[in-house]
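A.B. asks: Quick one: the structure is below, questions incoming.
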Amino acid sequence: MQTSQKHRSAGIHRFYHQPVQEIDPYGLSHIQILDNNMYSDGGSQGAAISFQTDQGEFFTLESSSATAGFVNYDSPAASISSNRSPFSPQGSHSCISDPHHSPDTVYGSPLSGSSSADEDIILRQKLRELEISLLGPESDITDSGSFCFVSGGYQAESSASWDWNQMMEVIPRLDLKHVLLACADAVSNADIQRAAGLMHVLDQMVSVSGEPIQRLGAYMLEGLRARLELSGSKIYRALKCEAPISSDLMTYMGILYQICPYWKFAYTSANVVIQEAVEYEPRIHIIDFQIAQGSQWSVLMQMLACRPGGPPVIRITGVDDSQSAYARGGGLDIVGQRLSKVAEECNVPFEFHDVAMDGCEVQLEHLRVQPGEAVVVNFPYVLHHMPDESVTTWNHRDRLIRMVKSLSPRIVTLIEQESNTNTKPFFPRFIETLDYYTAMFESIDVGRPKDDKQRINAEQHCVARDIVNMIACEEAERVERHELLAKWRSRFTMAGFNQYPLSSSVTTAVRDMLKEYDRNYSVQERDWALYLRWRHRDMATSSAWS
C-alpha cells in the first residue's frame with residue numbers, strides 16, 4: 001500500500017488524542033571563528049574555532065583525529081546513517097540541558113517562518129556561523145571532500161576532522177534547536193558533508209526519554225536522514241520500528257487521549273455546536289469524515305436523549321480508513337454495534353451506515369442523504385490530509401468542501417491544527433514544524449514522567465510519523481499538510497459557506513473540560529472561532545459553518 005494511504009493514521013489528530021527577540025534571536029553570538037586556515041593539497045592545517053559559554057569560558061576546536069567511537073573525517077567515509085537510532089531508549093544519548101533554556105522562554109525564539117527578507121538573511125547568517133563553527137569553512141570541504149551514494153545513505157570523503165574530545169565538552173552547551181536548524185539548512189542546500197557532520201552532533205544531543213526538545217529532536221533528526229537518503233516514500237522503514245499490534249496501538253491512543261485535550265477539545269466544542277444547531281430537528285443525519293472509535297457520538301446521543309419533547313431519529317454515516325480499522329481490531333461494524341448499544345440504552349432511534357474508504361474517495365452517492373434530514377458534517381483533524389491544488393488537479397480538499405455544501409447541511413464543524421505546513425518550501429516548513437511540535441511535546445510532557453515507556457511508545461507510534469512525513473516527504477507522499485484557520489475560512493467561503501457564530505455555551509464547555517488538564521492550556525475566542533492554546537501558542541481551532 002502507498003505511504004500516502006497508510007500514513008493517514010499518524011498523529012494526535014488520528015488517535016483520540018512570541019514575541020520576537022531583536023537582539024541575537026538565535027543565541028549564536030557566543031560562537032566566534034578565531035582563525036580559519038585553508039586546507040592545501042599537501043595536507044590539512046588546523047582550523048581553530050572558539051565557543052564561549054555563558055560563564056565566559058572558551059573552548060577551542062582544532063582539526064585533529066577523532067576519538068574512537070565517533071566520526072573521523074580523516075577516515076575514508078562518513079555516513080549520515082547511525083547505528084544508534086534515537087528511536088531506541090537504550091540507544092539514545094541524553095546531553096546536559098541548557099540551564100538557561102527553560103520552557104517558559106521557548107516562545108522567545110522566533111522559530112515560525114517570516115516573510116521578511118531581512119529576517120531570512122539574518123537567520124541564514126546565524127546558521128552559517130554555527131555550521132562553520134562545527135565543520136570549518138566551506139572552502140575546506142570544497143577543496144578536500146567528495147561525495148558518493150551507497151546503500152543505506154550518502155557518504156562523504158574528506159581530510160577534515162574534528163577533535164571529538166573537545167567537541168563532547170562543547171555539545172552540552174549548544175542549543176539543540178539551533179543545531180537542528182543548521183542541519184535542516186544544510187539538507188535544504190544539498191550540502192551532504194555538512195549535513196552528515198551535524199547529524200553526528202545531533203546523535204549526541206537527542207533522546208526519546210529526555211526533555212521535550214530532545215525527544216522531538218530525535219524524530220526530526222530521523223526525518224532529516226530519511227529526506228537526505230531520498231527515502232521519504234519509505235517512511236515507516238525510516239522510523240526503524242515495527243507497527244505495534246492493534247491492542248497496543250489502541251492503548252497508545254488512549255494515553256494521548258488522557259494526557260492531552262486535543263481530541264476532547266474537538267469532541268466537546270463540536271457536540272455543543274451540533275446540539276444547538278439541531279435543537280428542534282426530528283431527524284438528524286451525521287456524516288463523520290473521521291469516525292475513529294465513534295466515542296464522540298455516544299456523548300452526543302446522551303445529550304440529545306434528554307432534550308424536551310424526546311430524542312430525534314439519528315442516522316450516522318462514518319467514513320473510515322484501513323489504519324483506524326487496524327487500531328480497533330476490525331471494521332466499522334464494530335463502531336456501529338457500539339453506537340447501536342448506546343442508542344438502545346438511551347432510547348434513541350438509530351441507524352448506522354459505514355463508508356469504509358479514505359476520505360479522498362468519498363463521492364456524493366456514498367453518503368445516502370435522504371429528504372427531510374438535518375444534515376450535520378464533522379471534519380475532525382482530517383481535511384488537512386486531503387491533497388489540494390498544490391498536489392493534484394483533482395484538489396480533493398476543495399472538492400469535498402463543495403460536495404458537502406451541495407448537501408445544504410444544517411451545520412458543518414471543522415477542527416484543525418493551527419499550523420502552516422501545506423505549501424511552504426522545505427526549510428520554512430521545518431521551522432514551522434519545530435515550533436509547533438516543540439509546544440506539543442511540552443504539553444505531552446506534563447502528563448507523564450519523561451522516562452515513562454508508555455508515553456515514549458505513544459509519541460513514537462502516534463506523533464513521530466507525522467513529523468517525519470512533513471520533513472522527509474514531498475508531493476503526494478506528504479500527507480501532513482496543515483493550514484491556518486484564515487486559509488480554511490477562505491476555502492469554505494469560496495465554496496459558499498458562511499461562518500456560524502459560536503455561542504458562549506461552547507466556550508464554557510471547553511473551559512470546563514480544560515479544568516482536567518494542566519493550567520498552561522487555555523481557550524480563546526476570536527473571530528467566531530475557538531483557539532486551543534498551550535502557553536502562548538495556538539494549537540488547534542474549532543469553527544462551524546452553514
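A.B. asks: Confirm whether D398 is open to solvent by less than 30 Å² (accessible area, probe 1.4 Å), among the charged types (D, E, K, R) and in a helix (DSSP H, G or I). Steps first, answer last, please.
C.D. replies: Values: open to solvent by less than 30 Å² (accessible area, probe 1.4 Å): yes; among the charged types (D, E, K, R): yes; in a helix (DSSP H, G or I): yes.
Yes; evaluated as a whole, the condition is true for this residue.
A.B. asks: Same structure, new question: Since Y500 meets every condition but one in (1) touching an Asp or Glu at 6+ places or on another chain (Cβ under 6 Å); (2) open to solvent by 50 Å² or more (accessible area, probe 1.4 Å), which condition does it not meet?
C.D. replies: With respect to (1) touching an Asp or Glu at 6+ places or on another chain (Cβ under 6 Å); (2) open to solvent by 50 Å² or more (accessible area, probe 1.4 Å), Y500 is out only on (1).
A.B. asks: Scan (1) more than 23 Å from I255 (Cβ to Cβ); (2) among the hydroxyl-bearing types (S, T, Y); (3) out of contact with any strand residue (DSSP E or B) (no Cβ under 9 Å at 6 or more places or on another chain) for the single condition Y517 breaks and write down its number.
C.D. replies: Just one mismatch for Y517, condition (1).
A.B. asks: A further question on this structure: Quickly run through the stretch 445-478 and pick out the residues that are surrounded by fewer than 24 Cβ atoms within 10 Å (Cβ to Cβ), under 13 Å from the mean Cα position of the chain (by Cα) and of a type in the set (A, V, I, L, M).
C.D. replies: Passing the criteria: none in range.
A.B. asks: Quick check on P387: is it open to solvent by 10 Å² or more (accessible area, probe 1.4 Å) and either in a strand (DSSP E or B) or more than 20 Å from T413 (Cα to Cα) (or both)?
C.D. replies: No.
A.B. asks: Looking only at residues that are assigned to a helix (DSSP H, G or I) and either closer than 17 Å to K453 by Cβ or polar (S, T, N, Q) (or both) in the stretch 209-228, which one is nearest to the chain's Cα centre (by Cα)?
C.D. replies: Y219
A.B. asks: If you check every pair at least six apart or on different chains, which have Cβ atoms under 8 Å apart with a residue in the stretch 377-390 that is closer than 16 Å to R402 by Cα first and a residue that is aromatic (F, W, Y) and open to solvent by 10 Å² or more (accessible area, probe 1.4 Å) second?
C.D. replies: P387/W394
A.B. asks: With (1) modelled with pLDDT of 95 or more; (2) part of a helix (DSSP H, G or I) as the list, and A544 as the residue in question, which single condition is left unmet?
C.D. replies: That leaves (2) as the condition not met.
A.B. asks: Between L485, L530, which is open to solvent by less than 10 Å² (accessible area, probe 1.4 Å), within 18 Å of the chain's Cα centre (by Cα) and farther than 18 Å from F441 by Cα?
C.D. replies: Numbers: L530 fails: within 18 Å of the chain's Cα centre (by Cα).
The unique qualifying residue is L485.
A.B. asks: Right, another one. In the stretch 229-250, which residues are assigned to a helix (DSSP H, G or I) and either modelled with pLDDT of 85 or more or not charged (D, E, K, R) (or both)?
C.D. replies: Residues satisfying the conditions are G232, S233, I235, Y236, A238, S246, S247, D248, L249, M250.
A.B. asks: For residues that are under 12 Å from the mean Cα position of the chain (by Cα) and assigned to a loop (DSSP other than H, G, I, E, B), scanning just the stretch 402-421, find the one that is farthest from V523 (Cα to Cα).
C.D. replies: The residue in question is T421.
A.B. asks: I'm trying to understand the selection: among the residues of the stretch 215-230, which are open to solvent by less than 10 Å² (accessible area, probe 1.4 Å) and within 16 Å of I431 (Cα to Cα)?
C.D. replies: L216, G217, A218, Y219, M220, L221, E222, G223, L224, listed by residue number.
A.B. asks: Can you find, within the stretch 353-384, the residue that is farthest from the chain's Cα centre (by Cα) among those that are of a type in the set (A, V, I, L, M, F, W, C) and assigned to a loop (DSSP other than H, G, I, E, B)? Quick ask: steps written out before the conclusion?
C.D. replies: To start, the set of residues in the stretch 353-384 that are of a type in the set (A, V, I, L, M, F, W, C) comprises 355-357, 360, 362, 364, 367, 369, 374-377, 379, 382-383.
Add one more test, that the residue is assigned to a loop (DSSP other than H, G, I, E, B), and what stays is 356-357, 362, 369, 382.
Details: A356: 26, M357: 24, V362: 26, V369: 35, V382: 14 Å.
Out of the qualifying residues, it is V369.
A.B. asks: Turning to a different aspect of this structure: Only one residue in T508, T541, T493 is on the phi < 0 side of the Ramachandran plot, open to solvent by less than 10 Å² (accessible area, probe 1.4 Å) and β-branched (V, I, T), so which one is that?
C.D. replies: The unique qualifying residue is T541.
A.B. asks: Might you let me know whether the stretch 306-324 holds any residue that is charged (D, E, K, R) and over 28 Å from W488 (Cα atoms)?
C.D. replies: Taking every residue of the stretch 306-324 in turn, at least one turns out to be charged (D, E, K, R) and over 28 Å from W488 (Cα atoms).
A.B. asks: Given the options R429, R465, name the one that is in contact with a Ser or Thr (Cβ under 9 Å, 6 or more places away or on another chain), modelled with pLDDT under 95 and closer than 27 Å to A226 by Cα.
C.D. replies: That would be R465, the only listed residue that is in contact with a Ser or Thr (Cβ under 9 Å, 6 or more places away or on another chain), modelled with pLDDT under 95 and closer than 27 Å to A226 by Cα.
A.B. asks: Can you tell which of M301, M253 is closer than 28 Å to S408 by Cβ, open to solvent by less than 20 Å² (accessible area, probe 1.4 Å), among the aliphatic types (A, V, I, L, M) and part of a helix (DSSP H, G or I)?
C.D. replies: It is M301.
A.B. asks: Something else now. Taking the stretch 361-384 only, how many residues are open to solvent by less than 40 Å² (accessible area, probe 1.4 Å) and touching a Ser or Thr at 6+ places or on another chain (Cβ under 9 Å)?
C.D. replies: Of the residues in the stretch 361-384, 8 are open to solvent by less than 40 Å² (accessible area, probe 1.4 Å) and touching a Ser or Thr at 6+ places or on another chain (Cβ under 9 Å).
The values are calculated or read from the model by the stated rules, or taken from the named source; none is laboratory data. Just so we're clear, the structure is a prediction, and the values are computed from it rather than from any experiment. Virtual Cβ from ideal backbone geometry, glycine too; neighbours counted across all protein chains shown. Areas reflect the complete protein model, heavy atoms only, side chains present, ligands, DNA and RNA absent. Shrake-Rupley method; radii C 1.70, N 1.55, O 1.52, S 1.80 Å.
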